[in-house]
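To start, the structure itself, in structure tokens.
The values are calculated or read from the model by the stated rules, or taken from the named source; none is laboratory data. Keep in mind the model is a prediction, meaning the values are calculated, not measured. Cβ: placed from backbone, ideal geometry, glycine included. Neighbour counts: every protein chain shown.
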Amino acid sequence: MKEIDFIPQWYRDGQKQQVSYRTQYVVIICIFAAIVFWSFGTCYSVSRAKAQINRIQESLAANADLAAEFSKLTTVMVELREKAEILDKLDHKTSIANVIGELSFLVNDNIILSKVDIGLERFAGGAVSANRSHVRLLQRGTDAAGAMPAEDTRFKVAITGIGAGVEDVAGLISQLENSSYFCQVVPGFSRAGKVKDFIVTEFEISCYLANYVQHK
């Protein structure tokens, strides 16, 4: 038996179109809702970002003086580090106090020192400046580069004083030669002098600190 369909085709096509329209409407509504939620989320994020930027700007404005002081201190710290590096290069790791202590130990009661000069001298035989104090260290120039001592330098010690007799001066020379602190002891001059009513021996002795090794 053959079934007879009384529903016209145009009605079926219309039903299909309505279903298709409903589907499109649902999709469009979902997309629109997603756009609305995304917009709200974006606005919220932008608002939070603006609030954070405002807080940062307010903090920077409130701490402007502190930031300027920090910048100044940073600059000073860099300068101090540079000066510390220069001082470290100038330091010969030689304790002048120990040298003076050794001299005090070697000098007996019959010897009086009037001047002790300690300065750097080149191995090539550079002369020590005549303008020296009683205890003189390296004379530095104003230029940091010029203040750097040459690598081929050593400490020269020049001792001036008086002794009760020639034998006391000779004993001091012998003590300096036997000391592990000094080397190349050379008498400068030794002459008779007078202090009040006493006859004394004026002398000058030069030597070097024995804290270096000369490579040939």
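Does at least one position in the stretch 4-12 carry a residue that is surrounded by 10 or more Cβ atoms within 10 Å (Cβ to Cβ) and modelled with pLDDT under 80? Yes; the residues of the stretch 4-12 include at least one that is surrounded by 10 or more Cβ atoms within 10 Å (Cβ to Cβ) and modelled with pLDDT under 80.
Being modelled with pLDDT under 80, surrounded by 10 or more Cβ atoms within 10 Å (Cβ to Cβ) and touching an Asp or Glu at 6+ places or on another chain (Cβ under 8 Å) narrows it down to one residue among ARG136, ARG154; which is it? Give the derivation first.
Values: ARG154 fails: modelled with pLDDT under 80.
The unique qualifying residue is ARG136.
When the residues of the stretch 97-111 are filtered to those that are polar (S, T, N, Q) and surrounded by fewer than 12 Cβ atoms within 10 Å (Cβ to Cβ), the one that is farthest from GLU167 (Cα to Cα) is ASN98.
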